[in-house]
Amino acid sequence: MCGIVGYIGDKDINSVLMAGLWRLEYRGYDSSGVASVMDGDMDVRKVKGRLMNLQERLADKPLLGNIGIGHTRWATHGEPSDQNAHPQVGCKNQIALVHNGIVENYYTLKEELLKRKHFFKSNTDTEVIAHLIEENYNGNLKESVLKTVSRLEGSYAIAVICTEEPDKIVVYRYGSPLIVGIGKNENLVASDIPALLDHTKDIITMNDGELGIMQKNKVEFFNNEGKKITKEKRTIKWSAESIEKVGFPHYMLKEIHEQPKVIQDNIDLKIKGKEFNFGENFGFSPKELANLSHIIIQACGTSWHAGYIGKYLFEDFARIRTEIDISSEFRYRNPIMDGEPLVMAITQSGETADTLAGLREAKAKFIKILSLVNVRGSTIARESDSTIYLDAGPEIGVASTKAFTSQIFQLYLFSLYLSKLKWTLNDSEINKKIKEIKALPKKMNKILEKENQIQEMAKKFKDSKDFMFIGRGINYPTALEGALKLKEISYIHATGYPAGEMKHGPIALISEGSPVVAIATKSSVYDKMLSNIEELKSRKARVIVIGTEGDKIIKKLGSDVFYIPECTENLSPILVSIPLQLFAYHIAVLNGRDVDRPRNLAKSVTVE
Ligand code: AGP
């Protein structure tokens, strides 16, 4: 899951490519490179490490020319190094390309090429593509790219330049995202929209099996047979500011603080009096939904945690049986999908390979697909029967925050809608719940105003080596999310458990001073949570309790207590998530971590 960018126009190639790569760094940041063609020569610069290394390299000796491609890498084949960084070239330095994805049959192809005396300079799967295009080159770059991709297996979004055709960039998409930006006297290509917005808001999203030829004043698209195809252009509504830090030290903290507004925007967009409006991409009829036999939710990481919370909401409000599955398991376990199920794909990026494969698995069995997606026009959104958008705005920090609370919001609203269609809740119960939702943004702001309390707690626990997060009922998945947030940005080991499970083993890990975060807000299982906290305290654990304002009991129980405003049990995950996100954030900052670019991770996992 790398970041690709390409430009052809009159602007300085160095600043355009670098600015684009900075906008894509969340996709991978272990090495990077650029290339351009000038006077029949291919000029390639690439370096291991963060983008700053490449920027310094270009400052010393800038690229020449006004056509170029760039790449920021998340290594899959070949460890991060100068050689393995992209662009990769063929033997004659005639072709240079950047690639996002995995060539699964690269080994076989490499064997063939080695037999034909090709010499390889890297350990990457990508270099195979460069050698094949060069070998197939017959004066027509488009033809040689089409001939080459017909031999590839796996996922590959590529951008290619050639010394013999210095007036064009040829791009091809299969399995990984690629978006073309249409400018005036210039055109761009990138893996994601933020890299295009400094130049244009007019974009064309490529589909699998499409090739594009980008020249300064035109872009043409072709299918796998080389036949011309027409593509629809659309204009992005995002503001440039929405992809800036606007004074926050990190995107993650900015996005944590954006959550009240995201929820308010969604309330304004999706609750119309007593009716729900799920947007222009939601097309299921009430009859179809009322007759559903069950729901199967499949997702990854944080989105899976949101899905797990959705299970509690669908079964409680709409009394509809709900299965929850991790996409990388779902796609290979040949799931039973009898009856009239609805398969839901939950994803911020809309490009996660395992979730996409899970969707296609269900689609192949003629199952209805509803997806919850943040990125408009992403692959999962386009391949779903219906989509409810998260309307959270661009989420740049690798650790998902505002998308998570917006996912829970959509699941809450959709379960209320289903309960209406299935008559499992009456109008006054639904209206009461809508009233509670409308009170959320104010309560979220109240929590954010107490951020310093969390910061103080983080100072106490920043040197801990191991954490447990416990919760019950709908806040068990919230505990899982708290543990994931801490793990992924602070690199401290943390595990989430259903609190009732502790005495079946995990409590053996508890010794004097062991830090445990316990979610003990007012709920149907509150008393049970108190007993679990007592069990931990009697083994001298340091229990940080997230509780409900005014709760004097937990004040005596917890070594540290953070209060959230009163709210109903089923809405509490949205409020509880904020102190958990802030706790992870401040511990990571205090440990000097690169919060927005945690090691070994990337924002959108487009390979399996
Ligand atoms: C969450 O903070 C992580 N970035 C990761 O677990 C993420 O939730 C997962 O990769 C799924 O991504 P998606 O929502 O874009 O599909």
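For the range 290-309, filtered to residues that are within 24 Å of GLY377 (Cα to Cα) and either part of a helix (DSSP H, G or I) or open to solvent by 10 Å² or more (accessible area, probe 1.4 Å) (or both), the residue that is farthest from the ligand (Cβ to nearest atom) is GLY307. Determine, yes or no, whether GLY358 is open to solvent by less than 20 Å² (accessible area, probe 1.4 Å), touching a helix residue (DSSP H, G or I) at 6+ places or on another chain (Cβ under 9 Å), more than 27 Å from ASP208 (Cβ to Cβ) and within 15 Å of the ligand (Cβ to nearest atom). Taking the combined requirement at face value, the residue does not satisfy it.
For the range 138-154, name all the residues that are surrounded by fewer than 23 Cβ atoms within 10 Å (Cβ to Cβ), closer than 17 Å to TYR174 by Cβ and among the polar types (S, T, N, Q). Of everything in the range 138-154, those that are surrounded by fewer than 23 Cβ atoms within 10 Å (Cβ to Cβ), closer than 17 Å to TYR174 by Cβ and among the polar types (S, T, N, Q) turn out to be SER144, SER150. Go through the residues of the range 32-41 one by one and say whether even a single one is under 22 Å from TYR174 (Cα atoms), at pLDDT below 95 and surrounded by fewer than 24 Cβ atoms within 10 Å (Cβ to Cβ). Scanning the range 32-41, I find no residue that is under 22 Å from TYR174 (Cα atoms), at pLDDT below 95 and surrounded by fewer than 24 Cβ atoms within 10 Å (Cβ to Cβ), so the answer is no. Do we have LEU418 as more than 23 Å from ALA483 (Cβ to Cβ), more than 14 Å from the ligand (Cβ to nearest atom) and assigned to a helix (DSSP H, G or I) here? It is true that LEU418 is more than 23 Å from ALA483 (Cβ to Cβ), more than 14 Å from the ligand (Cβ to nearest atom) and assigned to a helix (DSSP H, G or I).
Taken over the range 589-605, the criterion of being touching a residue at least 40 places away in the same chain (Cβ under 8 Å) and within 12 Å of the ligand (Cβ to nearest atom) is satisfied by VAL595, ASP596, ARG597, PRO598, LEU601, ALA602, LYS603, SER604, VAL605.
Of all the criteria given as (1) out of contact with any Pro (no Cβ under 6 Å at 6 or more places or on another chain); (2) within 16 Å of the ligand (Cβ to nearest atom), the one not satisfied by GLU351 is (1).
The set of residues from the range 557-579 being open to solvent by less than 10 Å² (accessible area, probe 1.4 Å) and assigned to a helix (DSSP H, G or I) comprises LEU571, SER572, PRO573, ILE574, LEU575, VAL576, SER577, ILE578, PRO579. Entry remark, the range 85-137: residues being closer than 22 Å to LYS46 by Cβ, surrounded by fewer than 21 Cβ atoms within 10 Å (Cβ to Cβ) and polar (S, T, N, Q) number 4 in total. Could you tell me whether the range 368-379 includes any residue that is open to solvent by 10 Å² or more (accessible area, probe 1.4 Å), touching a Leu at 6+ places or on another chain (Cβ under 7 Å) and either modelled with pLDDT of 95 or more or away from the ligand (no atom under 16 Å from the Cβ) (or both)? Checking the range 368-379: at least one residue is open to solvent by 10 Å² or more (accessible area, probe 1.4 Å), touching a Leu at 6+ places or on another chain (Cβ under 7 Å) and either modelled with pLDDT of 95 or more or away from the ligand (no atom under 16 Å from the Cβ) (or both).
Residue by residue, here is whether (1) without any contact (Cβ under 8 Å) to a residue 24 or more places away in the chain; (2) closer than 30 Å to LEU582 by Cα; (3) within 16 Å of the ligand (Cβ to nearest atom) holds:
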site: ILE396; (1), (2), (3): no, yes, yes
site: SER406; (1), (2), (3): no, yes, yes
site: THR424; (1), (2), (3): no, no, no
site: SER428; (1), (2), (3): yes, no, no
site: ILE434; (1), (2), (3): no, yes, no
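Highlighted here are the strands (runs of 3 or more DSSP E) found entirely within the range 5-78 that include at least 3 residues which are without any contact (Cβ under 8 Å) to a residue 60 or more places away in the chain: 31-38, 41-48. Looking at the range 310-346 only, could you name the residues that are touching a residue at least 24 places away in the same chain (Cβ under 8 Å), open to solvent by 60 Å² or more (accessible area, probe 1.4 Å), over 13 Å from ILE367 (Cβ atoms) and more than 16 Å from the ligand (Cβ to nearest atom)? Listed by number, the residues that qualify are TYR312, ASP316, ARG319, ARG321.
Taking the criterion of being hydrophobic (A, V, I, L, M, F, W, C), assigned to a helix (DSSP H, G or I) and over 21 Å from ILE574 (Cβ atoms), the residues of the range 444-481 that qualify are ALA458, PHE461.
Out of the residues in the range 397-436 that are of a type in the set (Val, Ile, Thr) and surrounded by fewer than 22 Cβ atoms within 10 Å (Cβ to Cβ), state the one that is farthest from the chain's Cα centre (by Cα).
Going through the qualifying residues, I end up with THR424.
Out of ALA439, ALA458, report the one residue that is among the small types (Gly, Ala, Ser), in contact (Cβ under 8 Å) with a residue 12 or more places away in the chain and within 22 Å of SER415 (Cα to Cα). None of the other options fit; the residue is ALA439.
Within the range 181-226, being open to solvent by less than 20 Å² (accessible area, probe 1.4 Å), free of Cβ contacts under 8 Å to residues at least 40 places away in the same chain and more than 23 Å from VAL605 (Cβ to Cβ) holds for GLY181, THR200, ILE204, PHE221.
The values are calculated or read from the model by the stated rules, or taken from the named source; none is laboratory data. The model shown is predicted, which means the values in this text are computed figures rather than measured ones. Note that we place each Cβ from the backbone using ideal geometry, even for glycine, and neighbour counts take in every protein chain shown. Heads up: the accessible areas ignore ligands, DNA and RNA and are worked out on the full protein's heavy atoms, side chains in. Shrake-Rupley method; radii C 1.70, N 1.55, O 1.52, S 1.80 Å.
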